[in-house]
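Have a look at the structure below, then the notes.
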Amino acid sequence: MKLRSAATVFAALAILLGAAACSAPEEGAAPAAAGATAPTPSGDGQPALEAPAEPVLRVATLSNPADWLVQRLGAGRIAAEQAMPADARPATWRPTADAVVALQQVDLLVMNGAGYEAWTDQTNLPLSKLLDTSAELDRIEIQGRTHSHGDGGEHSHAGFAAELWLDPDLYLAQARSIHDAFVELDADGAEAYGAALAALETELTGLSAELAATLEPLRGIQWIADHPSFHYFARRFGLTIEALDIDAAAPPSAELLSALAEKSAAGNDASVAVLLTSKPHPDLEAALRDGPAHLVVDTLEVPADGGDYDYLAQMRANRDLFAGLSP
Amino acid sequence: MSAAGDALFLATKSLRASKWRSAILIFGTAVAAFLPLFTFKAAALLEKTLLARAAASPVVIGQKGDEFDLTMNALYFRGQVAESIPFGERKGLAEYGLALPLYVAYSISGTPLVGTSVEYFDARGLEVAEGRLPALLGEVVAGADVAAELELEPGDRMRSDLTNLYNLAGSYPLLLDVVGVLRPRGTPDDGAFFADVKTAWMLDGRLHGHEEVTPELAETAYGDPDVDALLGDDASGDDGDPIGAPETDPPDDAPAEEAAGEVEEDEGEEDHIEATAAIFLFAEITAENRNDFHMHGSVDDAPVGSFLVLPRSVKRHDQLLGEMALHEKYQAVRPVTVIETVLEIVLRLRDGLSAYFALVAFSTLAFFGLALTLSLRLRRDEMMLMRRIGCGRFRIAALIGTEVALVVVAAVVTAVLASELGLWLLDAALRG
């Protein structure tokens, strides 16, 4: 031990006079009521695994994709509550202080991560309860414009592409991390959680194969997207997608129309297609009518058409849209 | 009346007849008894109190360096650590147990502001007496003593202390919201403000809010020294997306070259904007601008002074110590060991004092004996008279012995009472 001098020690003693005993940690507040997840069918025609009378864990989800996974994996043992209204977008939604205090009390907070739930940057959530389901995955780093001011030097506010759920394989990996967290917190439910994961695995693997088969013939197309949401989707299915980062719902600028025309001119209309994440403005729609094909696809951030969020159904709707373009 | 009763009666009368002599004898003896009694008990109390805080803080992880500085900073919020540790290390430490970040680099009205995570309050048994725990960026809670001293209550706002008067481009004071006051715990926690570690990063400028940096603004900043040009309508930052916002919701008018598509991303010179230190940084967090606050760089690279780790088992505790013993940059400090080392100095001092107290006791005994001898000489005539009226030698000896016993008992009682009073005052001082 390196103690500098006796003088330091005595100075320290003076400081230490402010010290006193601490009590043992206390338990958090009791969970509030929340909807329990559905019991898991065991498969093979067997009855569903028995769920406990009361939920064992209280889990809050921070976005729709994370919430859907928790609902599917909860096996009736989880009281899941969504922090955010289902139709809100994490990039713009902000919680109240009271909502954050309530979130501090749950057993587990499940998030998509990769910067998707931006509001968590401005809130004080318990780090030990926060499960970032994408933290260990192969995330795609995106560059933003760098700037500098003050002492901070040159920096960028870019980060990771967030839409991991558009790659069903990555989404399944996220499901596995949630499953592992459930088992760690509730070992008694390991069998039920395992059965739920197995069922989900079958569905997501099947979906991934369906999408791959549908998109295989479309790999030669030069895709133009209105928004940089498709990094993982493009990587998984071998597509080339250029994001222009435009607001499809706004009147198109002359530059945009020119860019689209340029892209079309570079190939032919059959080799270029436009992916839109929202219904296009009539002017843009008119411009696209005689040009390359365009699809309004669902990025699965919010439920489709005001219904409940259903990843499989919404993703299959996307698949059907792409299938319409197949030769 | 019995012989003992007679002796007690006469001894009492004799002591009362010589009040000053008796008082001096009692005082001198009491001091000789008080000094060792109080010193040993005070050392034991100090040891118990300090070790209790240390025992409740199993392992502190920080950069290699002075273990004492690290312990003082992490447990008592005093002093600074020489080098910070990246926040990203928390992920690895979390495998061993609860890893609580501690960033004690700023103050409010001279009181340390502890940047940590919300689990700290549970881990230390801290409860809110008024208001609530911090939930949003820029919110703090005050320890019981701080709140009493500064007369704080939820809803008050406090400005953080200026850390560098001459660095206008660096961090600067921010207005923080006091949202709660903690119940007194009798620990150093009573004398500090607490906030989320992100709020502490806000104070060193790493997490900040400013107007949107655009090429136009940068050009204005260089080309037009007029401050009004910088603090114009756009300065509120309300109308633009935060720079730190994810690319999922970019501004509608973002130029095409900013698009972060799968391919064709330019990273040329034109993608860097230098906006100078004159950019308008928000000096307080409001509901309107809270969303505009964002991190410089990765959260994982952000600094904290140390991590307080509460291992989930003895095995994990030992594994963590073993892992850190081999680490090139970081060290694991057991505060108990550090405090015990400090206390060893105290114990050595106490041993040294024991010899001194023995000397004092010896001199007091000699003084007592001298006073008794002189007193007996002065009372020779009185003794002679007692002999002549039929009092035996044994009776006279019993009388003198009773007087001595009464003086000693009175001195011991005085010493014990003074010692207890001193310990009570010390305990009160330790508990703040």
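The values are calculated or read from the model by the stated rules, or taken from the named source; none is laboratory data. On a predicted model such as this, the values are computed, not experimentally measured, just so you know. Every residue, glycine among them, receives a Cβ derived from its backbone with ideal geometry; neighbour counts consider all protein chains shown.
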Which is closer than 23 Å to B:A123 by Cα, among the polar types (S, T, N, Q) and surrounded by fewer than 17 Cβ atoms within 10 Å (Cβ to Cβ), of B:S354, B:S313? B:S313
Does region A:291-304 contain any residue that is more than 30 Å from A:G206 (Cβ to Cβ) and assigned to a helix (DSSP H, G or I)? no
If you check B:K64 against the conditions, is it away from chain A (no Cβ under 11 Å) and either β-branched (V, I, T) or more than 30 Å from B:A148 (Cβ to Cβ) (or both)? no
Here is a list of conditions, (1) farther than 19 Å from A:E301 by Cα; (2) surrounded by fewer than 22 Cβ atoms within 10 Å (Cβ to Cβ), and A:Y193 meets all of them except one; can you say which number that is? (2)
Is at least one residue of region A:161-174 on the phi > 0 side of the Ramachandran plot and not hydrophobic (A, V, I, L, M, F, W, C)? no
Got at least one residue in region B:29-44 being assigned to a loop (DSSP other than H, G, I, E, B), surrounded by 19 or more Cβ atoms within 10 Å (Cβ to Cβ) and of a type in the set (G, A, S)? no
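Rundown of residues vs (1) free of Cβ contacts under 8 Å to residues at least 24 places away in the same chain; (2) surrounded by fewer than 20 Cβ atoms within 10 Å (Cβ to Cβ); (3) out of contact with any strand residue (DSSP E or B) (no Cβ under 7 Å at 6 or more places or on another chain), yes/no style:
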position	(1), (2), (3)
B:L51	no, yes, yes
B:Q63	no, yes, no
B:V81	no, no, no
B:L102	no, no, no
B:G115	no, no, no
B:L136	no, no, no
Flagged in region A:240-256 as closer than 9 Å to A:D226 by Cβ and within 7 Å of another protein chain (Cβ to nearest Cβ), in numbering order, are A:A243, A:L244, A:D245, A:D247
Among the numbered conditions (1) within 12 Å of another protein chain (Cβ to nearest Cβ); (2) touching a residue at least 40 places away in the same chain (Cβ under 8 Å); (3) farther than 21 Å from A:I140 by Cα, tell me where A:G306 comes up short. (1)
Sole residue being of a type in the set (V, I, T) and within 11 Å of chain B (Cβ to nearest Cβ), chosen from A:T133, A:T96: A:T96
Is there any pair with a first residue in region B:335-356 that is more than 20 Å from B:G65 (Cβ to Cβ) and a second that is at pLDDT below 80 and of a type in the set (G, A, S) whose Cβ atoms are under 9 Å apart and which are 6 or more apart or on different chains, and what are they? B:I345/A:A6
Hey, A:W165 more than 26 Å from A:P52 (Cβ to Cβ), modelled with pLDDT of 95 or more and within 13 Å of chain B (Cβ to nearest Cβ) or not: yes
